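The structure under discussion appears below in the form of structure tokens.
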């Protein structure tokens, strides 16, 4: 009898070990560490990607950039185009077991609409968000608005993620402290180790849509039991780990290491965002020297897309000079107003600085040392100095940049003048979605530009659905942005991911998501 008990106990241990080994865990090195957890409070892409792990959206954009229902089962629009009625689909459950209700959606959209540039524009035209019943709510407009669905289906920062009402009622200027969503993965806060790893586990209560996944829409099926974001800030260490099979994916491998990865057995290079990404130089318009638009214009002449791309990418296969503020190859693409800028014209920059009375106030340039966007900051520093600027570059990790760039103090008091970042093409497709073109003063995105002409043009764009009129307005806005610059585009590029060959199913989308991903032994 005792022998039988020992055999049964041993079998149980083997079964348990087999079950543990059968669980699929994907280990990924993301673009940076994750320290901020509120995807509404910041536009940082690492936090957006965290949001897609934990939360779901009312609507979503598919691979053809069409808005589709996601948490919504359906919607209707009144004949006068003023009232949108949304009905939630069955089976929506938060990670704490509570059902998702219309109250949660209304509270979440209100908080998002208070912070996001596109959300603010939608709320400007919104008369009321009202709950009808547990699964139904309405959005009533003051006047017809042409971008209701595009706003609610916004694919990138900041995304209108749905949270429980009690969390969504957190004031917009405060970060949330509880992280309960209804998405395909659960954030394991107790296992989160900033500087080390972030852990997500499959949410067994998630009910995917019946459609096939497409872009950020459709059925979000979690085949992985666990996803770990592993922090390896040294690129060479991360690349070696991928080649050795110690990790499964690098979200943004260095361009100069792509040839090594392409030649490595068991590794593949895949472009999951064919629309591409753009380097950007963001101005802080609150303080000297960039409170003067003439000095920001001088910077546009001093900076050079060719030089930024040469250092940031260094491979013609993946890079493209692009002065179109709404993306090259898009319906609203134009060079109007920017034809002679971003060419490294230091003489013109010095001429404009002299005319503007530049007094040598230093540009405090934030330099993230651990991201792909950060590599262009030293280039920008050299170009600005060649153009007559004095520049103080502050080098830190990206998370420190995120914290500092939210501060409105003067640069000399711990604030900032500029930083470099990246913008996905889907985040700049039009004047409303492009948060760096917004100029709504204190309600604007970090940098806080303030210009009535820009906001009027954005309003005019939002009111019309006529493609020809929209193109005309977008061109006028681009010209105005050359006169009152809010940021400088520093070139377009495509950033492939590096994967082990036993990983498949990754979605082509503007955000890195992990539903539909499979890993075989």
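The values are calculated or read from the model by the stated rules, or taken from the named source; none is laboratory data. Note that the structure is predicted; figures quoted are calculated from it, not measured. Backbone-built Cβ (ideal geometry, glycine too); neighbour counts: all protein chains shown.
Looking at 455, 475, can you tell me which residue is modelled with pLDDT of 95 or more, in a helix (DSSP H, G or I) and in contact with a strand residue (DSSP E or B) (Cβ under 9 Å, 6 or more places away or on another chain)?
Answer to the selection: 455.
Exactly one of (1) buried (at least 16 other Cβ atoms within 10 Å of the Cβ); (2) out of contact with any strand residue (DSSP E or B) (no Cβ under 9 Å at 6 or more places or on another chain); (3) under 30 Å from residue 306 (Cβ atoms) is unmet by residue 460. Its number?
So residue 460 meets the others, but not (3).
Condition check: part of a loop (DSSP other than H, G, I, E, B) and assigned by TED's automatic domain parsing to the domain that holds residue 317. Does residue 485 satisfy that?
yes
Are any residues in the stretch 361-402 more than 22 Å from residue 299 (Cα to Cα) and in contact (Cβ under 8 Å) with a residue 40 or more places away in the chain, and if so, which ones?
Residues satisfying the conditions are 370, 371, 397, 398, 399, 402.
For the stretch 54-167, give me every one of the strands (runs of 3 or more DSSP E) that falls completely inside it and has 3 or more residues that are surrounded by 21 or more Cβ atoms within 10 Å (Cβ to Cβ) and in contact with a strand residue (DSSP E or B) (Cβ under 9 Å, 6 or more places away or on another chain).
By residue number, 59-61.
Quick grid of which residues meet (1) on the phi > 0 side of the Ramachandran plot; (2) touching a residue at least 24 places away in the same chain (Cβ under 8 Å):
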position: 448; (1), (2): yes, yes
position: 452; (1), (2): no, no
position: 457; (1), (2): no, yes
position: 461; (1), (2): no, yes
position: 469; (1), (2): no, no
position: 472; (1), (2): no, no
position: 476; (1), (2): no, no
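Is it the case that some residue within the stretch 204-212 is assigned to a strand (DSSP E or B) and either more than 20 Å from residue 503 (Cα to Cα) or modelled with pLDDT of 95 or more (or both)?
no
Determine whether the stretch 415-426 contains at least one residue that is touching a helix residue (DSSP H, G or I) at 6+ places or on another chain (Cβ under 9 Å), surrounded by fewer than 23 Cβ atoms within 10 Å (Cβ to Cβ) and farther than 25 Å from residue 112 by Cβ.
For the stretch 415-426, residues touching a helix residue (DSSP H, G or I) at 6+ places or on another chain (Cβ under 9 Å), surrounded by fewer than 23 Cβ atoms within 10 Å (Cβ to Cβ) and farther than 25 Å from residue 112 by Cβ: present.
Of all residues in the stretch 248-261 being surrounded by fewer than 22 Cβ atoms within 10 Å (Cβ to Cβ) and over 22 Å from the mean Cα position of the chain (by Cα), which is modelled with the lowest pLDDT?
The qualifying residue modelled with the lowest pLDDT is 256.
Can you tell me which residues in the stretch 246-263 are in a loop (DSSP other than H, G, I, E, B) and closer than 18 Å to residue 519 by Cβ?
Within the stretch 246-263, 246, 247, 248, 251 qualify.
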